Amino acid sequence: MTTKKSTATLPSKAEYKKENDSFSENAVRMMKKRYLLKRSDGSQETPAEMFQRIAHALAGIEKNYGRDKRFIEKTEREFFEIMSKKQYTPAGRTVTNAGAETAVVANCIVLPILDSMENIFQTLKDAALLQQAGSGLGFDFSHLRPAMTPTKKSNGVSSGPVSFLRVYNEAFGIIKQQGRHGANMAMMQIDHPDILDFIHSKQIEGDIRNFNISIKVTDEFMKALTERPNTQWYCDWKGVKTKPHRVLRAPNGSVTGMEEIDITVKEIFDELVHNAWSNGEPGIVFIDEVNRTNPLPGLGPIDCSNPCGEQFLHHYDNCNLGSINLAAFVSSGKVDPSRRGKAEVDWSALKRSTKIATRLMDNVIDTFDFPVQQVTDLAKKNRRIGLGIIGFADMLYQLGISYHSEEGQKLVEKVMKTITDASHEMSQALAKEKGTFPNLPFSIYAKKKIKMRNAALTTVAPTGSIAMMFDCSSGIEPNFALSFIKQDKDGMKYNYLNKYFEDAMKKARLSEKQMKEVKDEVTATGSIQGLSWLPESLKKTFVVAMDISAEGHMKMQAAFQKNVDNSISKTINFPNSATHEEVFDGYVSAWRLKCKSATVYRDGSRNVQILNIGTGENIKSPTEIGKEGIRTAPVQTTQPQIEISVSLDQLSAGNLVPRERPEVMIGKTYKVKTGYGHLYVTVNNDENGQPFEVFATIGKSGG
């Protein structure tokens with residue numbers, strides 16, 4: 001690694017040491033793996049040196065706008081300050097690449113997949129180059145013709161969108177991005193004839209592992225669902241209405257045919273809900289709401305988002321991300337002396353850091369160098385930034401406010417309005433100082449005659465690694481649990497106990513026996529709600545994701561959305577016992593509350609989880625799961641798939657003869673998590689390796 005050294009007044013050795021010593025063991029482990037650059041002698045930079053590298057590189061951009069040395073040094077110091085105080089961090093690609101030898105790119109981009117072989121594979125080439133550079137990508141597969149549609153050039157038939165999704169998935173699986181695999185989003189609109197094939201495309205855990213998938217639903221569909229659920233659903237292809245198709249596939253996955261099916265609006269939505277209940281996918285996108293708030297309507301409608309759903313973008317557009325750590329803006333009587341000893345939000349400091357962060361992120365755009373020229377060009381024409389947050393749940397813990405309370409919702413609205421207003425003010429100031437973004441005439445600001453530097457400014461990303469770096473809660477999510485184990489994509493595990501909860505327990509002066517009971521409870525369940533003897537004030541404050549109803553989750557997301565320019569990455573985390581009806585209600589609630597998207601996850605519904613409750617001995621690593629995963633059983637519609645069954649009458653009539661069972665058989669037993677405990681399925685094979693008999697037993701914790 002070679003980086004340019006700063007000429008500004010550098011922090012003292014004492015400041016560097018204080019900064020480096022402030023990081024937890026978990027944070028340092030993660031940063032060494034992901035962010036701290038290696039020198040030619042094999043050593044790694046420290047966290048303080050990393051922040052100095054970023055600050056120096058991005059402050060240097062001010063030279064391009066005629067700023068003098070004094071201004072640049074002041075800007076560098078401000079950039080370093082908000083990062084070193086853990087008030088703000090850029091996104092991972094900027095943390096890794098700013099000031100280093102690798103080109104700076106954004107995490108999120110949307111690319112077009114149009115209905116021609118030339119475009120499909122040109123986009124695949126562009127996507128491969130962007131993945132290699134470190135970008136995450138989004139694609140809408142709705143433009144591709146349905147399976148079995150005639151193709152003129154080959155005089156054959158189309159294999160359908162899901163077949164091309166698998167082609168992209170395989171290609172991306174080969175590419176390794178600077179120590180991590182690519183993240184991608186695939187979407188399809190609910191009125192595409194192959195929508196059922198798409199909904200079921202990830203029924204096997206580990207299949208299509210390089211993509212998240214989401215279904216785009218329209219207001220028309222949601223109104224039909226809530227008002228006329230039992231009516232037939234019709235799809236549309238090139239202006240022709242058709243019933244949804246069932247795509248027929250051979251065992252190797254190749255398309256062998258299709259058939260139109262009778263299926264109601266409610267039944268097709270039940271298919272979506274069942275798959276989401278079973279393994280967390282697909283998510284749902286309210287595409288009409290997305291386009292109602294499109295900041296660049298002059299560029300046409302938006303059809304897709306980045307991998308985690310927080311940035312809805314036009315084709316080739318991208319967004320530069322960063323996050324304000326709200327947990328760092330809680331003081332105890334420092335702002336208002338009358339509140340001495342009581343926690344409060346330092347609103348003035350929040351506004352100041354937001355404005356500094358906005359300048360920093362705008363400067364990042366000038367350093368972009370994507371391997372696809374259209375992406376670089378549109379980045380500089382739109383100058384989108386996605387300033388979001390981390391540490392919100394930890395802010396609430398410090399303030400003693402329950403996450404899903406009315407007080408929590410009011411705080412949400414004030415926090416995001418403060419950040420959005422401050423970032424917009426700074427964007428207008430930067431427009432006067434450096435010029436407006438070139439595509440301003442195509443934006444919502446043109447009619448208002450407002451000069452802006454950036455087409456959009458706020459969003460909320462999922463923030464996995466950067467939240468780990470600052471030891472705070474992720475995005476707008478409630479804490480997953482008070483005690484949990486997190487594993488990354490390579491299976492490295494990190495143990496967490498919430499530090500604010502730990503401090504509260506110490507202040508509560510519990511007995512040794514009580515402390516042990518609390519520790520055992522949070523290890524086993526992640527929550528304290530089952531401890532009836534604990535003070536209600538503690539139980540009210542220290543809620544976790546699975547203590548909150550679906551409606552509670554969505555109300556908080558909606559409260560954030562009111563003052564966010566783009567969208568929000570948010571998951572409704574359900575306990576394993578959650579029902580299909582709860583998932584159904586969560587999705588409908590999200591639409592009614594004017595959220596742009598929603599994702600659910602039921603604990604234990606996958607064999608491999610990123611976040612886990614317990615002691616960790618039974619956690620499966622992502623590296624253990626291949627294509628031979630657990631298939632999600634589809635919901636039965638009015639036209640179920642044909643099944644071969646044999647009745648006892650047939651056997652007794654002599655039409656079929658039972659096979660003789662050998663004395664000894666060889667097979668395997670599979671452990672499957674269910675809502676009623678672990679299910680153990682034993683499959684014994686015959687001498688040809690074919691299944692002969694199946695036994696299933698439920699664990700003793702089940703019912």
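The values are calculated or read from the model by the stated rules, or taken from the named source; none is laboratory data. Quick caveat, the model's predicted, so the values are computed rather than measured. Glycine also receives a Cβ, built like all others from the backbone with ideal geometry; neighbour counts cover every protein chain displayed. Areas reflect the complete protein model, heavy atoms only, side chains present, ligands, DNA and RNA absent. Shrake-Rupley method; radii C 1.70, N 1.55, O 1.52, S 1.80 Å.
Just how much of LEU299 is accessible, in Å², when a 1.4 Å probe is used and the result is rounded to the nearest 10?
Near enough 60 Å² of accessible area.
Suppose every K and R has +1 on its Cβ and every D and E has -1 on its Cβ; what is the size of the dipole of the chain about the Cα centre, in Debye to the nearest 20?
2820
Pairs of alpha-carbon atoms within less than 8 angstrom and 6+ residues apart define the contacts here; what relative contact order does region 212-297 have, in percent?
38
Which of the listed residues, GLY435, THR151, GLN561, is farthest toward the dipole's positive end in the chain, when Lys, Arg count +1 and Asp, Glu count -1 at the beta-carbon?
Of the candidates, GLY435 comes out farthest on the positive side.
Where does helix 265-279 land angle-wise versus the long Cα axis of the chain, in degrees 0 to 90, nearest 10?
Orientation of helix 265-279: about 70 degrees from the principal axis.
Using Cα pairs closer than 8 Å and at least 6 residues apart in sequence, work out the relative contact order for region 73-129, in percent.
After rounding, I find 17 percent.
From the mean inverse distance of alpha carbon pairs (Kirkwood) and the Cα radius of gyration, derive Rg over Rh for region 514-557.
1.03
How many angstrom lie between the C-alpha centres of region 95-174 and region 535-551?
42
Within the set of other residues whose C-beta is less than 9 Å from the C-beta of LYS499, count the net charge using Lys and Arg as +1 and Asp and Glu as -1.
Net local charge, LYS499 excluded: -4.
In a solvent-free Debye calculation with one equal scatterer on each Cα, what is log10 I(q)/I(0) for region 232-347 at q = 0.13, 0.20, 0.24 Å⁻¹, listed in the order of the q values?
-0.85, -1.20, -1.27
Once the Cα gyration tensor of region 1-145 is found, what semi-axes does its equivalent ellipsoid get, as square roots of 5 times the eigenvalues, in whole Å, sorted largest first?
With the √(5λ) rule applied to region 1-145, the semi-axes are 36, 19, 13 Å.
Got a number for the accessible area of LYS668? Probe 1.4 Å, square angstrom, nearest 10.
Taking all protein chains as shown, LYS668 has close to 130 Å².
Any chance you could give the angle, 0 to 90 degrees and rounded to 10, that helix 580-592 forms with the longest Cα principal axis of the chain?
It is inclined by approximately 50 degrees.
Could you please put SER474, SER40 in sequence from largest to smallest accessible area, using a 1.4 Å probe?
SER40, SER474
State to the nearest 20 debye the size of the charge dipole of region 30-188 about its Cα centre, where the only charges are +1 on K and R beta carbons and -1 on D and E beta carbons.
260
Based on the Cβ-Cβ distance from SER43 to ALA103, what FRET efficiency comes out when R0 is 25 Å, to the nearest 0.05?
Efficiency, from the Cβ-Cβ distance: 0.55.
From the protein chains alone at 1.4 Å, what is the descending order of accessible area for MET222, MET492, largest first?
Greatest to least solvent exposure: MET492, MET222.
In square angstrom, rounded to the nearest 10, how much accessible surface does ARG383 have for a 1.4 Å probe?
10
What is region 358-494's relative contact order, in percent, from Cα pairs under 8 angstrom and six or more apart in sequence?
33
Taking a point 7 angstrom from the Cα of GLN529 along the C-beta vector, which residues in region 466-502 have backbone N less than 14 Å away?
478-482
Name the residue from THR102, SER201, ALA393 whose Cα lies farthest towards the positive end of the charge dipole of the chain, charges +1 on Cβ of Lys and Arg and -1 on Cβ of Asp and Glu.
THR102
Could you give the length gained on full extension between ASP421 and THR669, defined as 0.36 nm per residue of separation minus the Cα-Cα distance, in nm?
Extra length from ASP421 to THR669 when fully extended: 83.5 nm.
For region 437-519, what size does the Cα cloud have along each of its three principal axes, sorted from largest down, in whole Å?
67, 35, 15
Hey, any idea what the orientation-averaged projected area of the convex hull of the chain's Cα atoms comes to, in nm²?
Its average projected convex-hull area is 37.2 nm².
Set the Förster radius R0 to 56 Å, insert the Cβ-Cβ distance between PHE695 and SER549 as r into 1/(1 + (r/R0)^6), and round the FRET efficiency to 0.05.
It comes out at approximately 0.90.
Which one, GLY253, GLY239, LEU299, projects farthest toward the positive side of the charge dipole computed for region 228-323 from Cβ point charges (K/R +1, D/E -1)?
Of GLY253, GLY239, LEU299, it is GLY239.
What is the projected area of the convex hull of the Cα atoms of region 144-270, averaged over all directions, in nm²?
For region 144-270, averaging the hull's shadow over all directions gives 9.5 nm².
For ASN576 and GLU407, calculate 0.36 nm times their separation in residues minus their Cα-Cα distance, and state this gained length in nm to one decimal.
Full-extension gain reported as 58.0 nm.
Direction-averaged shadow area of the convex hull around the Cα atoms of region 341-451, nm²?
Its average projected convex-hull area is 9.2 nm².
Compute the distribution of all C-alpha to C-alpha distances in region 94-159, in bins of 10 Å from 0, and list the percent of pairs in each, rounded to whole numbers.
Histogramming region 94-159 at 10 Å steps yields 19, 37, 23, 13, 7, 1 percent.
Stretch ARG166-GLN122 to full length: gain in nm at 0.36 nm per residue minus the Cα-Cα span?
Length gained between ARG166 and GLN122: 14.2 nm.
Using a basic spin-label model with each label point 7 Å from the Cα along Cα→Cβ, how many nm lie between GLN374 and ASN26?
For the pair GLN374/ASN26, the computed spacing is 4.1 nm.
Computed over the Cα atoms of region 394-474, what is the ratio Rg over Rh, Rh following Kirkwood?
Checking Rg against Rh, the ratio lands at 1.11.
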